[in-house]
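The values are calculated or read from the model by the stated rules, or taken from the named source; none is laboratory data. Small disclaimer: the values here were computed from a predicted structure and weren't measured. We place every Cβ from the backbone using ideal geometry, glycine too, and count neighbours over all the protein chains shown.
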Amino acid sequence: MADSSFDIVSKIDRQEVDNALSQTAREVSQRFDFKGTGATIEWKGEEAIEISASADERANAVLTVFQEKLIKRNQSLKILDASEPRQSGQQSKISITLKEGISSEDAKKISKLIRDEGPKGVKAQIQGDELRISSKKRDDLQAVQQLVKGQDYDFAVQFTNYR
């Protein structure tokens, strides 16, 4: 019998992030507490989002609204890397970069965890920015998924290609 396998990845659903950004922009333009603050949220290239407002508190409030929209769309907040508010002329700006992929150090941590604490006979291979986990028993793979979900990593984790 062939080995069963799945991949551990850290990917961003761009459509969901874009939808959350659009909803946030719409809410910011309509809410009374944002009137006259010049609060905006917009894409800056493919991997970055910028929030600007007249004050630090308003910029942080826009960030909070954006985070709430992401949560409603089942997106992990670990994909966001938000800077502290900084002054830029009359505006206060927050830059957000989107984190995607598993770094080689993080991949090594996960594979070491699986070797040390996972069921015997489970193999972990690092393939670029993702991990392929394989085993003869599907129950072992599910145990590995539970083990990885139980850890608190600083990046979002998804399981794909389960076969």
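Take V17 and decide whether it is within 22 Å of the chain's Cα centre (by Cα) and farther than 23 Å from D152 by Cβ. No, not satisfied.
Condition (residue is among the polar types (S, T, N, Q) and in the same structural domain as D152 (by TED's automatic domain parsing)) applied to region 124-132: is it met by at least one residue? Yes, because at least one residue in region 124-132 is among the polar types (S, T, N, Q) and in the same structural domain as D152 (by TED's automatic domain parsing). Taken over region 136-163, the criterion of being among the aromatic types (F, W, Y) and either farther than 19 Å from S104 by Cβ or outside the structural domain of L113 (by TED's automatic domain parsing) (or both) is satisfied by F159, Y162. Is it true that L113 is modelled with pLDDT of 90 or more, surrounded by 14 or more Cβ atoms within 10 Å (Cβ to Cβ), assigned to a strand (DSSP E or B) and out of contact with any His (no Cβ under 7 Å at 6 or more places or on another chain)? Here the answer is no, as L113 does not meet what is asked. Condition test on D56, is it modelled with pLDDT under 95, surrounded by 15 or more Cβ atoms within 10 Å (Cβ to Cβ) and in the same structural domain as I126 (by TED's automatic domain parsing)? Here the answer is no, as D56 does not meet what is asked. In summary, strands (runs of 3 or more DSSP E) completely within region 1-102 and bearing 1 or more residues that are in contact with a Pro (Cβ under 6 Å, 6 or more places away or on another chain) and not hydrophobic (A, V, I, L, M, F, W, C) occur at 91-98. Taken over region 121-149, the criterion of being surrounded by fewer than 18 Cβ atoms within 10 Å (Cβ to Cβ) and part of a loop (DSSP other than H, G, I, E, B) is satisfied by G121, G128, D129, K136, K137.
If the condition is being more than 25 Å from Q15 (Cβ to Cβ) and either among the aromatic types (F, W, Y) or without any contact (Cβ under 8 Å) to a residue 12 or more places away in the chain (or both), then region 51-96 contributes E57, E84, R86, Q87, G89. Would you tally the residues in region 14-42 being closer than 30 Å to G128 by Cα and surrounded by 14 or more Cβ atoms within 10 Å (Cβ to Cβ)? Looking only at that region, the number is 5.
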